[in-house]
1. If I filter segment 39-60 down to residues being of a type in the set (Ser, Thr, Tyr) and part of a strand (DSSP E or B), which single residue comes out as nearest to TYR101 (Cα to Cα)?
2. Have a look at LYS63, LYS53 and point out the one that is of a type in the set (D, E, K, R) and loosely packed, with under 15 Cβ neighbours inside 10 Å.
3. Can you tell me which residue among LYS63, LYS76 is touching a strand residue (DSSP E or B) at 6+ places or on another chain (Cβ under 8 Å), of a type in the set (Lys, Arg), part of a strand (DSSP E or B) and over 22 Å from SER96 (Cβ atoms)?
Amino acid sequence: MLRNVCRQLLVSAIVATAVQTLPAAAQTEKVLHSFVKSRTDGRVPTSHIILVKKDTLYGTTEKGGRYKSGAVFSLKRAGSINSPWSESILYSFSGSNDGRYPKPAYPRWRAIS
């Protein structure tokens, strides 16, 4: 029995060492949209991004939009995985009855399950 336990520990140590020495998969980043200062674009994106489909993202900006009080936007990719993304402002906060400067309701790093 002791021999089996030692063998299992040795195998576990070898596997753990092999896993630790494997190179990490290459990670790349790509800018999907650069927000500019204009009434037709949002500014200061602070919300969580919501992926609805593999080619559609939604979010909010704290500033910008038609009334400079924040906006709801979508980013859509047309075509293949390498196609460019296009942004659309879906709603501009007016700063009156609909509020302004939207911020996320929970910390950005918190997972929701």
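A short reminder: the numbers here are calculations on the coordinates, not readings from a lab. As the structure is a computational prediction, the values presented were derived from the model and not from experiment. Cβ coordinates were reconstructed from backbone atoms using ideal geometry, including for glycine residues, and neighbour counts include every protein chain displayed.
1. Filtering segment 39-60 for residues of a type in the set (Ser, Thr, Tyr) gives 40, 46-47, 56, 58, 60.
With part of a strand (DSSP E or B) added as a condition, the list becomes 56, 58, 60.
Details: THR56: 23, TYR58: 16, THR60: 9 Å.
Filtering first and then ranking leaves THR60.
2. LYS53
3. Numbers: LYS63 fails: over 22 Å from SER96 (Cβ atoms).
From the options LYS63, LYS76, the qualifying one is LYS76.
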